[in-house]
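Just below is one structure, and these are the notes that go with it.
The values are calculated or read from the model by the stated rules, or taken from the named source; none is laboratory data. Because the structure is a prediction, the values reported are computed rather than measured. Neighbour counts run over all protein chains shown; Cβ positions are idealised from the backbone, glycine included. Side chains are part of the model used for accessible areas, which takes the heavy atoms of the whole protein and leaves out ligands, DNA and RNA. Shrake-Rupley method; radii C 1.70, N 1.55, O 1.52, S 1.80 Å.
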Amino acid sequence: MSQIQQAMAMLIAAFHKYSGKEGDKKTLSKGELKDLLTAELGDVFGKTQDKTALDKIFKDLDANADGTVDFEEYVTLIACITMLCNEFFSKQ
């Protein structure tokens, strides 16, 4: 597999590692999202102990307002973080 294919497989695996622990296997609850952000993106987000910040991230991600984050909403988060990292590292 190419590096991009490996990255895609890793993103899919990370989502499914956390989804379904508290309900639907195809979505992330707020608790599952917190676990994912802390474990997988802790260097970017910190340890997400700020409940208000977590609530805002969750609300912003939950585009269809169904109370969960689906795979499409998760990929949107990853794409936005990737773009911000690219901008940051491009300036150095």
- Return yes when Asp43 is without any contact (Cβ under 8 Å) to a residue 24 or more places away in the chain and not β-branched (Val, Ile, Thr) and no when it is not. yes
- Residue in region 3-31 that is least open to solvent (accessible area, probe 1.4 Å), counting only those that are charged (D, E, K, R) and more than 18 Å from Asp60 (Cα to Cα): Asp24
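Just for region 32-85: of the residues that are of a type in the set (Phe, Trp, Tyr) and open to solvent by less than 40 Å² (accessible area, probe 1.4 Å), which one is modelled with the highest pLDDT? Step through it out loud before you land on a result.
First pass over region 32-85, keeping only residues of a type in the set (Phe, Trp, Tyr): 45, 58, 71, 74.
In the following step, the residues that additionally are open to solvent by less than 40 Å² (accessible area, probe 1.4 Å) were identified as 58, 74.
Working: Phe58: 84, Tyr74: 94.
In this case the residue turns out to be Tyr74.
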